[in-house]
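Structure first, commentary second.
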Amino acid sequence: MSMTIGVLKESADKRVAITPDNIKRSKLKDVSWWIESGAGNDAGFEDKHYAGLATIKDKGAILAGADILVTIFSPADEDLAGIKEGTLLISQFRSYQDPGIIEKLSKYPIRVISMDMIPRTTLAQSMDVLSSMASIAGYRAVLMAAQKLPRYFPMMITSAGSIRPAKALIIGAGVAGLQAIATARKLGAVVEAFDVRQAAKEEVQSLGAKFVEVPGAADDKGAGGYAVQQTEEFLTRQRAEVQARAAKSDVIICTAQVRGRKAPVLIEADTIPLMRHGSVIIDLAASTGGNCALTQNDKTIVISGITIIGNSSLETEMPEDASQMYGNNVLNLLNHIIKEGVLNLKLDDEIVKGSLIKT
Ligand code: NAD
């Protein structure tokens, strides 16, 4: 009998974990797809679009029958309890932020892969949901800022006068930050960016932005590409540099994060009144505390004429492509762990070892 892969409807997200196009392009042999009715509606994929590719079922049947379950975020507790014994659940649990999740999952007789724990290696690049979602968020952040800004992004020379280009400051030049730089540059802004990793300098410059270097950053090459915690002395110097540049910026996109820790506060409250009236801060680090001291997670506030948007899930604003990309990442993982129609979770495999948070 072929293996069944079930996809549930998300309770609080517009995305769906697997799209019709994902299934069409899937190279997996001998698997059947079960999709919960309505799962793709909010992302623009109706049940009819899955016709001929998957069977539409209700949630109870999928929980009780699927061999592998794929979601974007964890199913609710009562649904976890309904999952068939031995099923592999593939989702995102952010266990690096919430260690209690492992204990919670230990109550259920299932195996769990957390997509956000897949190592950031070259081999696993095609499965990296953190990168695909961060890239969308960086792009959307700039579009949102451009829309809120009461000024142009590009330089304009018109018969009604000349307009100078907007200045964008990008704090943190990882995946989201680099995409924000590229998007802001395409819209014509003059862009400066901060990061603490030396590797980021060349990437920032190659996108046509200025890299602002604060000497003395700890850059740990053993941290898997992630930044490490900086000393308070370094952060104080960095905040002063940020303040000087923020005062001249029209838009600031905050993306600086240190995995598993609170985000560094790099824009202090007293920087805000120094900024030009109407300027916009989009804080993508909001869910881990924010890079701006005044950020409120999932809220938009206006202080001293400056709009501060705290939003760490802008990828959900683009659910169609975000679903396609998430689904492709999952399929690349499935291709890695399913051989000849059989699930083969090798515990000594680097990708499995990193992401299988419950065996
Ligand atoms: P992230 O979301 O954890 O952090 C965002 C950025 O904030 C990082 O670039 C980080 O260096 C920066 N940052 C942290 N503290 C800062 C501070 N005080 N000031 C300024 N910047 C600060 O990171 P991410 O975007 O998920 O990825 C980070 C890096 O991981 C990538 O740029 C890359 O080097 C590596 N990576 C590798 C792969 C791969 O090889 N498959 C895939 C994705 C990412």
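The values are calculated or read from the model by the stated rules, or taken from the named source; none is laboratory data. Source: prediction; values computed, not measured. Reconstructed Cβ throughout: ideal geometry from the backbone, glycine too, with neighbour counts over all protein chains shown.
What to note about this one:
- In this structure, Ala209 does not satisfy being more than 10 Å from the ligand (Cβ to nearest atom), small (Gly, Ala, Ser) and under 17 Å from Asn291 (Cβ atoms).
- All of Ala269, Ala263 fail the test of being among the small types (Gly, Ala, Ser), exposed (fewer than 14 other Cβ atoms within 10 Å of the Cβ) and at pLDDT 95 or above, apart from Ala269.
- Hits in segment 181-200 (condition: within 11 Å of the ligand (Cβ to nearest atom) and in a helix (DSSP H, G or I)): Gln198, Ala199, Ala200
- Of the residues in segment 254-263, none is assigned by TED's automatic domain parsing to the domain that holds Pro150 and free of Cβ contacts under 8 Å to residues at least 12 places away in the same chain.
- Identification of helices (runs of 4 or more DSSP H) wholly contained in segment 71-153 with 1 or more residues that are touching a residue at least 40 places away in the same chain (Cβ under 8 Å), more than 15 Å from the ligand (Cβ to nearest atom) and within 23 Å of the chain's Cα centre (by Cα) yields 100-105, 129-148.
Residues checked against (1) within 26 Å of Tyr96 (Cβ to Cβ); (2) crowded, with 17+ Cβ neighbours inside 10 Å; (3) touching a Ser or Thr at 6+ places or on another chain (Cβ under 9 Å); (4) among the charged types (D, E, K, R):
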{"position": "Lys221", "(1), (2), (3), (4)": "yes, no, no, yes"}
{"position": "Ala247", "(1), (2), (3), (4)": "no, no, yes, no"}
{"position": "Asp250", "(1), (2), (3), (4)": "no, yes, yes, yes"}
{"position": "Cys254", "(1), (2), (3), (4)": "yes, yes, yes, no"}
